[in-house]
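Some notes on the structure that comes next.
The values are calculated or read from the model by the stated rules, or taken from the named source; none is laboratory data. None of the values given here were measured: they were computed from a predicted structure. As a convention, Cβ positions derive from the backbone with ideal geometry for all residues, glycine included, and neighbour counts pool all protein chains shown. To get the accessible areas, we keep the full protein, side chains included, count just its heavy atoms, and leave off ligands, DNA and RNA. Shrake-Rupley method; radii C 1.70, N 1.55, O 1.52, S 1.80 Å.
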Amino acid sequence: MMTSTFSIPAHVAIIMDGNGRWASARSLPRFEGHREGVHAVRRTAEAAIRLGIQTLTLYAFSSDNWKRPKTEVRALLLLLRHYLLTEIEECRRKGIRLSVIGRRDRLPGDLIPLIESAEGETAPGSRLHLRLAVDYSSRDAILNASRNARTREEFTHALGPDVDLLIRTAGEQRLSDFLLWECAYAEMVFLPLSWPDFGEQSLREALAAYGRRVRKFGGLAAVTGEALEYAPS
Ligand code: FPP
């Protein structure tokens, strides 16, 4: 196994983009791109465990995705249902704790008990916390959190941990209402490849780019601190 020489981000979040383009480029219906995307989800979760990532948050269905044609929405929700039905045992075996973030009240009724049992059955998993964002809007999550949370700590408790590394595939460079609060100091890596082509190698590439970044959180970099503190006359 290859060893890593860079620091590993505790929380990686991914905007899995480009499924439709991947399918269109192969003259396939868009659904096939999403279906292939589920294989990439599996590969990425396994790679995340091997690499020592603690939390992986994946954007599976945004609240704005309801605007897509009904057939595509149905296909995405069917894939989610299928994933929950077939992967739970694997998740348990691999020590993956699965959570779903986002609204539940607009999801098909039969999906909710499936989500609840997936979360319950995988709760002891301690090797990776895999969070799937479904009917998710970060603005809505922040609005909801603000009903009770008043301090930064309370917001973090309500929303989830800060993101260290945000990856978006397929070349777009925007957040699209994903983890806006949590990404306050995230390093962002944009990769040109489509999500169905993503796997361990691309994750390693993103981690290597992350390892080359100097994270300052508004302060000064440890090595260059002295130079940066020099006040110009
Ligand atoms: C963006 O690609 C991707 C999505 C809107 C859905 C992502 C969903 C999956 C990978 C599968 C479902 C996941 C699980 C865990 C069951 P796009 O369709 O917007 O791509 P395009 O920009 O090329 O059209």
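Residues considered: Arg174, Arg97, Arg30. Largest GNM mean-square fluctuation over the chain, using C-alpha springs under 10 Å, is found at Arg174. Computed with every protein chain present, the accessible area of Val12 is close to 0 Å² [probe 1.4 Å].
Within the straight-line cut-off of under 14 Å between alpha carbons, the aspartates and glutamates reachable from Lys94 are Glu46, Glu121, sequence neighbours fewer than 8 places apart in one chain being disregarded.
What percent does the relative contact order of the stretch 59-153 come to when contacts are Cα pairs within less than 8 Å and at least six residues apart? Don't jump to the answer; show the numbers that get you there.
Working: 106 pairs, mean separation 38.0, N = 95.
Here the relative contact order equals 40 percent.
Estimated from helical segments only, the mean residue ellipticity of the chain at 222 nm is -13500 deg cm²/dmol, where each DSSP H run of four or more residues counts as -39500 (n - 2.57).
With every protein chain left in place, what is the accessible area per residue of the chain in square angstrom, probe 1.4 Å? Kindly include the intermediate steps, with their values, before the conclusion.
Numbers: 12500 Å² over 233 residues.
Each residue of the chain exposes 54 Å² on average to a 1.4 Å probe.
With the charge dipole of the stretch 81-209 set up from +1 on Lys and Arg Cβ and -1 on Asp and Glu Cβ about the Cα centre, the Cα lying farthest toward the positive end among the listed residues Leu130, Phe190, Asn148 is that of Asn148.
Candidates Val41, Tyr210, Asn65 compared by Cα position along the dipole of the chain: farthest toward the positive end lies Asn65, with charges placed on Cβ. Can you tell which of Val100, Val214, Val163 shows the greatest fluctuation in a Gaussian network model of the chain with Cα springs below 10 Å? Result for the chain, Cα springs under 10 Å: Val214 fluctuates most.
If you sort Ser62, Ser117 by accessible surface, 1.4 Å probe, largest first, the order is Ser117, Ser62. Per q in 0.11, 0.21 1/Å, what log10 I(q)/I(0) does a Debye calculation on the alpha-carbon atoms of the stretch 1-104 return? Summing over Cα pairs of the stretch 1-104 leads to -0.40, -1.24.
Let me know the charge dipole size of the stretch 95-189 about its Cα centre in debye, to the nearest 20, where only the beta-carbon of Lys, Arg (+1) and Asp, Glu (-1) is charged.
Working: 12 positive and 15 negative charges, 25 e Å.
So the magnitude is around 120 debye.
Under a Gaussian network description of the chain, with springs only between Cα atoms under 10 Å, the residue in Thr156, Thr122, Thr55 that fluctuates furthest is Thr156.
Determine the dipole magnitude for the chain: charges of +1 sit on the beta-carbon of Lys and Arg, -1 on that of Asp and Glu, nothing else is charged, the reference point is the Cα centre, and the result goes in debye to the nearest 20.
Values: 32 positive and 29 negative charges, 72 e Å.
For the chain, the charge dipole is close to 340 debye.
Pairwise over distinct Cα atoms, reciprocal of the mean inverse distance: report the Kirkwood radius of the stretch 143-219 in Å, one decimal place.
On the way: mean 1/r = 0.0709 Å⁻¹.
Computed over the stretch 143-219, the radius equals 14.1 Å.
Each of Leu78 and Arg93 was given a label point 7 Å from its Cα along the Cα-to-Cβ line. The distance between the two points is 2.6 nm. Between the helical axis of 111-122 and the longest alpha-carbon principal axis of the chain there is an angle of about 60 degrees.
Determine the dipole magnitude for the stretch 1-128: charges of +1 sit on the beta-carbon of Lys and Arg, -1 on that of Asp and Glu, nothing else is charged, the reference point is the Cα centre, and the result goes in debye to the nearest 20.
Details: 20 positive and 14 negative charges, 54 e Å.
Approximately 260 debye in magnitude.
Straight-distance candidates among the aspartates and glutamates for linking to Lys216, with alpha-carbon spacing under 19 Å and chain neighbours fewer than 8 residues away dropped: Asp162, Asp164, Glu182, Glu187, Glu226, Glu229.
Across all Cα pairs in the stretch 38-164, the calculated P(r) in 10 Å bins from zero up to the longest distance comes to 12, 41, 36, 11, 0 percent per bin. Shown here is the pair-distance distribution of the chain: with all Cα-Cα distances grouped in 5 Å bins from zero up to the longest one, the shares run 1, 6, 13, 17, 19, 17, 12, 7, 3, 2, 1, 1, 0, 0 percent.
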